[in-house]
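Single-structure report; data block below.
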Amino acid sequence: MSIKLLTPAQATAYKKLNVNTYDTPDGISGDSIILSLDGGGIRGILTLQLLMKIEEIAGMPCYELCDMVAGTSTGAIIAGLMVGGNSAAQIEKMYVSFVTRVFTKRSIISDCVIDPPHYDKAQYRSDLKQELQDRTMQQACSSSGLDLLISAKDMTVNQETFFTCFNHPDGCKGTYKDALLRIVMEATMSAPTYFKALGRYLDGGTTVYNNPSVAAYMEATEYDGKEKYDADKITVFSLGTGRYSQCISPEDAAHPKGIDILFWFKYMIKTSIQDANAMQSDLFRSKVFNHVDYRRFQVSLDARTMQLLPDREITVRHFGMTVKHRLHDLTDDHLNGIELDDVEKFDLMKDIGGAFVDYVMIKNKFTNDLNDTPSGKDELVTQVDDITDTLRELTNIEWLESQTTG
């Protein structure tokens, strides 16, 4: 097992972020830092606000601070640009261009339901080629010194594929280390109905790895990174892209608004991704991973949560018109349904990200997990418990008989 010796600048950054350090005969060593970035379309701009503040605190870019970056979909776009040796501020400039240009309608009538896929990836593919050329994962990771994981769903073998590359003294390891980085970055964002699949590959967020933190930890400690990473000396920064608060009443479930199949399709996609994201965090916060310094930063996109953030002026766009609001004046109507392709909400998500950063700086400056709640779950993620009604219904035979069966 290799020991990570810190430079003086890294040692200072570790102290500011409260990352574990250790005295050794050869100098100061420290935890390996894994950075995990969720998928979420245009909401990745929120993630970048967090990353820029982390870099400001650390006094160095993440590719110098961290040992590994893992990403899915929009998180993988950020991760891929990071291993290219770009700071979060540099990535934000590129990201704005990439994301606002990638959602180019394929035709006048194309959409996610009537005539999918909705968008053409031609501009995205061109932008990636211009930025990354034909560098392989190995070339990018060797240049930056950063290890990488990007996830995508392989339909042909019906499993999630983890494209990884780990730097070792004797060279890079990873089954797909010779894959072109830009091809992998297209595979991971090919969300069905939004974009055409890349051959056999779909967006990695279509499975349980939209939050890739567990996958990153396992790949680092059990597979091609195991000679480099000590399972007991790892700090994970897991950054979300904002979470929907989608609560549906029994009445709405029985009589969905609009087309039934479309209603349930959207509901299942959104909730399955959110539940999978939460599962990763629950695992890290359990006794199974209690040896890992896990820090999750996620926020609900609802009016109640906005009230918990420091108020600020924010930008809301309606049908191309820009309107200024106060964050605390936002309603659920403003926040509900910020889809991964909702480019009009781009500035709003950036502003919410800024307010989220303000909250974290007041709370813990990224030095601990953001879960100061009785349940130990995310403190800025709305939790709705209805145990009383649940028990009342599930112990009541009359209630059961009153429910229709078809």
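The values are calculated or read from the model by the stated rules, or taken from the named source; none is laboratory data. Every value quoted in this text rests on a predicted model; they were computed, and no experiment measured them. Cβ coordinates were reconstructed from backbone atoms using ideal geometry, including for glycine residues, and neighbour counts include every protein chain displayed. These area figures cover heavy atoms from the full protein model, side chains too; ligands, DNA and RNA do not enter into them. Shrake-Rupley method; radii C 1.70, N 1.55, O 1.52, S 1.80 Å.
Some values worked out for this structure:
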{"quantity": "Any hit, the range 368-377, residues being closer than 20 Å to Val99 by Cβ and either at pLDDT 95 or above or open to solvent by 40 Å² or more (accessible area, probe 1.4 Å) (or both)", "calculated": "no"}
{"quantity": "Of the criteria (1) part of a helix (DSSP H, G or I); (2) without any contact (Cβ under 8 Å) to a residue 60 or more places away in the chain, which one Asp178 fails", "calculated": "(1)"}
{"quantity": "Gly353 being open to solvent by less than 30 Å² (accessible area, probe 1.4 Å), modelled with pLDDT of 95 or more, under 30 Å from Ala13 (Cα atoms) and not charged (D, E, K, R)", "calculated": "yes"}
{"quantity": "Given (1) farther than 30 Å from Ala303 by Cα; (2) surrounded by fewer than 24 Cβ atoms within 10 Å (Cβ to Cβ), index of the condition Tyr217 fails", "calculated": "(2)"}
{"quantity": "Pairs with Cβ under 6 Å, 6+ apart, first in the range 120-134 and touching a residue at least 12 places away in the same chain (Cβ under 8 Å) and among the charged types (D, E, K, R), second open to solvent by less than 60 Å² (accessible area, probe 1.4 Å) and not in a helix (DSSP H, G or I)", "calculated": "Lys121/Phe195; Asp134/Leu180"}
{"quantity": "Selected residue (criterion: modelled with the highest pLDDT) from residues of the range 244-272 that are under 24 Å from Ala79 (Cα atoms) and open to solvent by less than 50 Å² (accessible area, probe 1.4 Å)", "calculated": "Tyr244"}
{"quantity": "Ser29, sole failed condition from (1) more than 22 Å from the chain's Cα centre (by Cα); (2) small (Gly, Ala, Ser); (3) part of a loop (DSSP other than H, G, I, E, B)", "calculated": "(3)"}
{"quantity": "When residues of the range 312-328 are limited to those that are open to solvent by 60 Å² or more (accessible area, probe 1.4 Å) and of a type in the set (A, V, I, L, M, F, W, C), the one modelled with the highest pLDDT", "calculated": "Met321"}
{"quantity": "Qualifying residue in the range 95-105 (condition: more than 18 Å from the chain's Cα centre (by Cα) and either part of a strand (DSSP E or B) or farther than 21 Å from Thr188 by Cα (or both))", "calculated": "yes"}
{"quantity": "Contacts under 6 angstrom Cβ, first residue in the range 135-152 being more than 12 Å from Lys173 (Cα to Cα) and open to solvent by 10 Å² or more (accessible area, probe 1.4 Å), partner assigned to a helix (DSSP H, G or I) and of a type outside the set (Ser, Thr, Tyr), 6 or more apart", "calculated": "Arg135/Leu181; Ser144/Val83"}
{"quantity": "Complete set of residues in the range 162-186 that are among the polar types (S, T, N, Q) and either more than 25 Å from Lys129 (Cβ to Cβ) or open to solvent by less than 10 Å² (accessible area, probe 1.4 Å) (or both)", "calculated": "Thr164"}
{"quantity": "Top-ranked residue in the range 335-351 [being touching a helix residue (DSSP H, G or I) at 6+ places or on another chain (Cβ under 6 Å) and among the hydrophobic types (A, V, I, L, M, F, W, C); ranked as farthest from Met321 (Cα to Cα)]", "calculated": "Leu340"}
